[in-house]
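Trainee: To start, I am sharing the structure in question, which I have written as structure tokens.
The values are calculated or read from the model by the stated rules, or taken from the named source; none is laboratory data. Please read these numbers as outputs of a predicted model, since none were measured by experiment. So basically every Cβ, Gly included, is an ideal-geometry build from the backbone, and we count neighbours across all protein chains shown. Remember, those area values only see protein heavy atoms, side chains included, never the ligands or the DNA or RNA. Shrake-Rupley method; radii C 1.70, N 1.55, O 1.52, S 1.80 Å.
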Amino acid sequence: GRMVATSSPILRGDHVLVARADGSLTRFDLHDGSAQVLAELEAAPSTDLTQEGGRCFLGIDGGQVRLLDCETGETIRQAQLEDIATYRWLHVELEGEDALWVGHTGVDGPGRRLVALDAETLELRWEHRPPGENNAWTTAQPARLGVWIVAGDREGSLHALDAKTGDPAWELSVGQGPRVVRAIGDELWVGSFDGQLIAFRRVGVGRSSH
């Protein structure tokens with residue numbers, strides 16, 4: 001039977017790019033549905049496929065992450081992490097030409113880490129775990145808010161980390177573990193597992209209101 005994609009597809013012009021459960025990177029034409037396998041990745045994807053410019057970021061089973069040419073499927077660079085990369089990663093531009101890929105590693109529980117990789121070399125820049133012996137990050141994609149990376153934990157708090165260093169900047173309780181965290185301008189929108197949607201506005205360094 002047909003293999004089903006385990007990561008979100010991405011739209012590129014007149015085609016859709018999909019990392020499939022059989023480990024193939026496949027391009028589907030939007031006009032006629034024809035498929036072209038661009039690359040065999042050797043393992044199933046463990047993250048969503050994310051693009052920035054002409055490059056695609058993808059984690060695969062076994063803890064490997066890859067930068068791929070979105071047009072050809074060619075591997076530009078790859079790195080081996082201590083744990084499997086999971087969920088959806090975020091491309092973060094810093095000062096100058098410096099940039100990061102930021103996301104989670106680890107499947108579940110307290111072992112899950114928030115990790116920043118150099119966008120060019122895929123070398124580890126920093127990693128962070130939420131406070132508390134049994135606490136863990138939720139599966140929500142982290143957000144970029146000004147100079148901070150913001151992520152939510154299962155105990156119902158948002159944590160802002162310095163994007164460059166990963167150092168903690170501030171913490172804010174939202175009552176329930178965030179399921180969705182999105183930054184729009186100076187506002188941070190948070191959807192929790194109990195169905196609440198809360199908006200916070202940045203009103204100064206390390207200060208928010210709602």
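Trainee: How do H31, H15 stack up against each other in accessible area, from largest to smallest, with a 1.4 angstrom probe? Before the final figure, lay out each step's value.
Mentor: Numbers: H31 150, H15 20 Å².
Largest accessible area first, the residues go H31, H15.
Trainee: Continuing with this model, one more query. Step through the residues of the range 184-196 one at a time and calculate ³J(HN,Hα) from phi using the Karplus curve (6.51 cos²θ - 1.76 cosθ + 1.60, θ = phi - 60°), rounding each to whole Hz and writing x for Gly and Pro.
Mentor: Each residue's phi maps through the Karplus curve to give 10, x, 8, 10, 10, 9, 10, x, 9, 5, 8, x, 7 Hz.
Trainee: Also: With just the Cα atoms defining each centre, how far is the range 29-51 from the range 115-168? Give it in Å.
Mentor: With the range 29-51 and the range 115-168 each reduced to a Cα centre, they are spaced 28 Å.
Trainee: Taking only the alpha-carbon atoms of the range 100-210, what semi-axes of the equivalent ellipsoid follow from 5 times the gyration tensor eigenvalues under a square root, in whole Å, largest first? Before the final figure, lay out each step's value.
Mentor: Details: eigenvalues 86, 61, 27 Å².
That gives 21, 17, 12 Å for the three semi-axes.
Trainee: According to the Cα gyration tensor, what semi-axes, each the square root of 5 times an eigenvalue, does the equivalent ellipsoid of the range 139-202 have, listed from largest to smallest in whole Å? If you can, show how the numbers build up before the last one.
Mentor: Values: eigenvalues 64, 32, 17 Å².
So the equivalent ellipsoid measures 18, 13, 9 Å along its semi-axes.
Trainee: Oh, and also: Which net charge results for the neighbourhood of R77, defined as the other residues with beta-carbon distances under 14 angstrom from its beta-carbon, given Lys and Arg at +1 and Asp and Glu at -1? Don't jump to the answer; show the numbers that get you there.
Mentor: Numbers: positive: R55, R66; negative: E52, D69, E74, D118, E120, E123.
Around R77, the surrounding residues sum to -4.
Trainee: Report, by chain and number, residues whose modeled amide H sits under 5 Å from the one on I76, excluding near sequence neighbours (fewer than 5 apart, same chain).
Mentor: Result for I76 returns L67, L68, D69.
Trainee: What number do you get for the chain when its Cα radius of gyration is normalised by 2.2 N^0.38 Å, N = residues? Working shown, then result.
Mentor: Working: Rg = 17.6 Å, N = 210, 2.2 N^0.38 = 16.8 Å.
Here the answer is 1.05, to two decimals.
Trainee: Additional query: In the neighborhood of A44, defined by Cβ-to-Cβ distances under 12 Å, what is the net charge if each Lys or Arg adds +1 and each Asp or Glu adds -1? Please report the intermediate quantities before stating the final value.
Mentor: Values: positive: R20; negative: D22, E40, E42, D61.
Surrounding charge for A44 is -3.
Trainee: Can I ask one more? Need one word for the range 60-117: rounded, prolate or oblate. Basis is the Cα gyration tensor (sqrt eigenvalues a ≥ b ≥ c); a/c below 1.5 gives rounded, then a/b vs b/c decides. List each step's numbers first, then the result.
Mentor: Working: a/c = 2.36, a/b = 1.26, b/c = 1.87.
Since a/c reaches 1.5 but b/c is at least a/b, the shape of the range 60-117 is classed as oblate.
Trainee: May I pose another question? Which ³J(HN,Hα) values, rounded to whole Hz and listed in residue order, are derived for the range 29-38 from phi using the Karplus coefficients 6.51, -1.76 and 1.60 in 6.51 cos²θ - 1.76 cosθ + 1.60 with θ = phi - 60°, glycine and proline given as x?
Mentor: 6, 6, 7, 10, x, 5, 10, 9, 7, 8
Trainee: Still on this structure, I have one more. Take every Cα pair under 8 Å in the range 96-210 that's 6+ residues apart, average their separations, divide by the length, and report that relative contact order as a whole percent. Could the numbers behind the result be given before it?
Mentor: Working: 255 pairs, mean separation 17.1, N = 115.
Over the range 96-210, the number comes to 15 percent.
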